[in-house]
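Participant: I'd like to ask some things about the structure below.
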Amino acid sequence: MPLYLNDDQMMLRDTARDFIADSAPVKHMRSLRDAGDPTGFSRDLWKSFAEMGFTGILIGEDQGGLGLGHVEAGVVLEEIGRNLSPSPFLTTAVAAVEALKGTAQAAKYFPDIVAGETVAALAIDEGPKFRDSIALKAERSGNGFRLTGRKQFVAHGHVADLIIVAARTGGSPDDADGVTLFAVDQRAAGLTAEAERLADSSLAARLAFDGVEVTADAVIGEVDAGRDPLDRLLRAGRTGAASEMLGVGGGAMDMTVDYLRQRRQFGVPIGSFQALQHRAAHLYSEMEVARAATLRAQQMLDSDSDRADEAVSVAKAQTGLATTLAVQEGVQMFGGIGMTDDFDIGFYMKRQRVLAEMFGDANFHADKLARSAGY
């Protein structure tokens, strides 16, 4: 497959770029932060995403969506990243939708996701870093289950309408089998959420499940067979996070190159200094490699390739490394002012750091690739 966008995808990119730049630029994120907004994003903006059709980008036309693929979702996510727009698009319209596809819950939740009425959160992580281990218990109780345990780093978990919870219904925490996904209402009795500000000023919650009762209808897929929808969720989430990071890294790189052209020292633009030109060229090359890796992963997801999992890990790791370089070079080339709150470049560094950790950082995916290759 060619590693570039076709005409329709480029039209979508132009539409998303104009809409997001106008509706949710960096100053939108600043205003939410400075106001101490307790939600972490704008519900009105989420409704605007729905009016544009973005919320149903991965949902089939027969269910009210656009019926597009991960390449198109990535196009939207890149513009979200470029503008640092606070949005539940990644968790809801991408990761949650993929987990719900082909299940009984799709008919229940898809219409409200398409309408911008539902926000989904993903309760997967249980430790300080992403790991495959799942210990939260789901024990049989009457005609349903009782959930007991804790989750953390749950973006939008304190305000989400739907929380997708990965729980242990059999085996030990590190077993591949014995995992079940549940669709849980955020208002369920016994569920408490403690919201915390992350490095980028976004909000994520620590969730405590104290004997939360759910019915059998809350099971996503089959009992003890939650790895399949969980893997779909993770592949979509990781590729989506890589796309958003591309936007963050690209936005930081563009801002830095503009600064190199404008900032003058010794009577000339600092961009004329050969050492800085070399660094800018190196950064551009690394970003293009990451862009190709991410597009390849999206295409393989859309074609349901049996090697998609490997491509997703390559994309997440490579994009994490390339965008780390982008934001660090940006702050450094801006000099001391790059560390002040008056300049946006520092916000790009903070957002990149959060996205890099989401669904596993570069080290996690490098290790995952090595293990799959037999090392």
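The values are calculated or read from the model by the stated rules, or taken from the named source; none is laboratory data. These numbers were taken from a predicted model, which means no experiment stands behind them. Because the Cβ atoms are built from the backbone with ideal geometry, glycine has one as well, and the counts that use them run over all protein chains shown. The accessibility values were calculated without ligands, DNA or RNA, using every heavy atom of the protein model including side chains. Shrake-Rupley method; radii C 1.70, N 1.55, O 1.52, S 1.80 Å.
Participant: Limited to segment 58-86, what total is found for residues that are acidic (Asp, Glu) and closer than 23 Å to Ala293 by Cα?
Facilitator: Residues in segment 58-86 being acidic (Asp, Glu) and closer than 23 Å to Ala293 by Cα: 3 in total.
Participant: Moving on to the next point. If the requirement is being modelled with pLDDT under 95 and not aromatic (Phe, Trp, Tyr), which of these qualifies: Asp309, Asp344?
Facilitator: Asp344 is the lone residue from the list that is modelled with pLDDT under 95 and not aromatic (Phe, Trp, Tyr).
For every residue, the table says whether it meets (1) in a helix (DSSP H, G or I); (2) surrounded by fewer than 21 Cβ atoms within 10 Å (Cβ to Cβ).
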position: Leu295; (1), (2): yes, no
position: Asp304; (1), (2): no, yes
position: Gln328; (1), (2): yes, yes
position: Phe343; (1), (2): no, yes
position: Phe359; (1), (2): no, no
position: Asp367; (1), (2): yes, yes
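Participant: A further question follows. Any residue at all in segment 228-239 that's open to solvent by 20 Å² or more (accessible area, probe 1.4 Å) and free of Cβ contacts under 8 Å to residues at least 40 places away in the same chain?
Facilitator: Yes, the conditions are met somewhere in segment 228-239.
Participant: May I ask you to list the residues in segment 252-281 that are part of a helix (DSSP H, G or I), small (Gly, Ala, Ser) and open to solvent by 10 Å² or more (accessible area, probe 1.4 Å)?
Facilitator: Hits for segment 252-281 are Gly271, Ser272, Ala275, Ala280, Ala281.
Participant: Being in contact (Cβ under 8 Å) with a residue 40 or more places away in the chain, in contact with an Asp or Glu (Cβ under 8 Å, 6 or more places away or on another chain) and of a type in the set (A, V, I, L, M, F, W, C) is true for just one of Leu301, Leu325. Which residue is that?
Facilitator: Leu325
Participant: Of the numbered conditions (1) within 19 Å of Phe110 (Cβ to Cβ); (2) open to solvent by 10 Å² or more (accessible area, probe 1.4 Å); (3) free of Cβ contacts under 8 Å to residues at least 60 places away in the same chain; (4) in contact with a helix residue (DSSP H, G or I) (Cβ under 8 Å, 6 or more places away or on another chain), Gly221 satisfies every one except a single condition; which is it?
Facilitator: All conditions pass for Gly221, except number (3).
Participant: Can Ala167 be described as more than 30 Å from Ile345 (Cα to Cα), without any contact (Cβ under 8 Å) to a residue 60 or more places away in the chain and assigned to a strand (DSSP E or B)?
Facilitator: When the stated conditions are applied, Ala167 passes them.
Participant: Now a separate question. For segment 18-56, which positions are in contact with a His (Cβ under 9 Å, 6 or more places away or on another chain) and within 17 Å of Val76 (Cβ to Cβ)?
Facilitator: Phe41, Ser42, Leu45
Participant: A further question follows. Among the residues of segment 250-259, is any touching an Asp or Glu at 6+ places or on another chain (Cβ under 6 Å), under 30 Å from Leu90 (Cα atoms) and not small (Gly, Ala, Ser)?
Facilitator: no
Participant: Okay, next question. Among Ala93, Ala115, which is the only one that is among the aliphatic types (A, V, I, L, M) and in contact with a Leu (Cβ under 7 Å, 6 or more places away or on another chain)?
Facilitator: Of Ala93, Ala115, the one residue that is among the aliphatic types (A, V, I, L, M) and in contact with a Leu (Cβ under 7 Å, 6 or more places away or on another chain) is Ala93.
Participant: Test Leu246 against the stated conditions and say whether it is within 30 Å of Gly360 (Cα to Cα) and either assigned to a helix (DSSP H, G or I) or in contact (Cβ under 8 Å) with a residue 60 or more places away in the chain (or both).
Facilitator: For Leu246, the condition - within 30 Å of Gly360 (Cα to Cα) and either assigned to a helix (DSSP H, G or I) or in contact (Cβ under 8 Å) with a residue 60 or more places away in the chain (or both) - is met.
Participant: Check Glu286 against each of (1) of a type outside the set (Lys, Arg); (2) assigned to a loop (DSSP other than H, G, I, E, B); (3) over 24 Å from Met29 (Cα atoms); (4) at pLDDT 95 or above and name the one condition it does not meet.
Facilitator: Here Glu286 meets the rest and fails (2).
Participant: Tell me, which strands (runs of 3 or more DSSP E) lie completely within segment 80-162 with 2 or more residues that are open to solvent by 10 Å² or more (accessible area, probe 1.4 Å)?
Facilitator: Answer list for segment 80-162: 137-141, 144-155.
Participant: With Thr169, Thr118, Thr180 as the choices, which residue is in contact with a strand residue (DSSP E or B) (Cβ under 8 Å, 6 or more places away or on another chain), of a type in the set (Ser, Thr, Tyr) and within 30 Å of Arg30 (Cβ to Cβ)?
Facilitator: Thr118
Participant: Related question: What are the residues in segment 193-218 that are assigned to a strand (DSSP E or B), in contact with a Lys or Arg (Cβ under 9 Å, 6 or more places away or on another chain) and open to solvent by 40 Å² or more (accessible area, probe 1.4 Å), if any?
Facilitator: Once the filter is applied, which keeps residues that are assigned to a strand (DSSP E or B), in contact with a Lys or Arg (Cβ under 9 Å, 6 or more places away or on another chain) and open to solvent by 40 Å² or more (accessible area, probe 1.4 Å), segment 193-218 yields Ala193, Glu194, Ala195, Glu196, Arg197, Arg206, Glu213.
Participant: What's the total number of residues in segment 5-40 that are under 22 Å from the mean Cα position of the chain (by Cα) and assigned to a loop (DSSP other than H, G, I, E, B)?
Facilitator: Matching residues across segment 5-40 total 7.
Participant: Answer yes if at least one residue in segment 54-72 is of a type in the set (Asp, Glu), part of a helix (DSSP H, G or I) and in contact (Cβ under 8 Å) with a residue 24 or more places away in the chain, and no otherwise.
Facilitator: For segment 54-72, residues of a type in the set (Asp, Glu), part of a helix (DSSP H, G or I) and in contact (Cβ under 8 Å) with a residue 24 or more places away in the chain: present.
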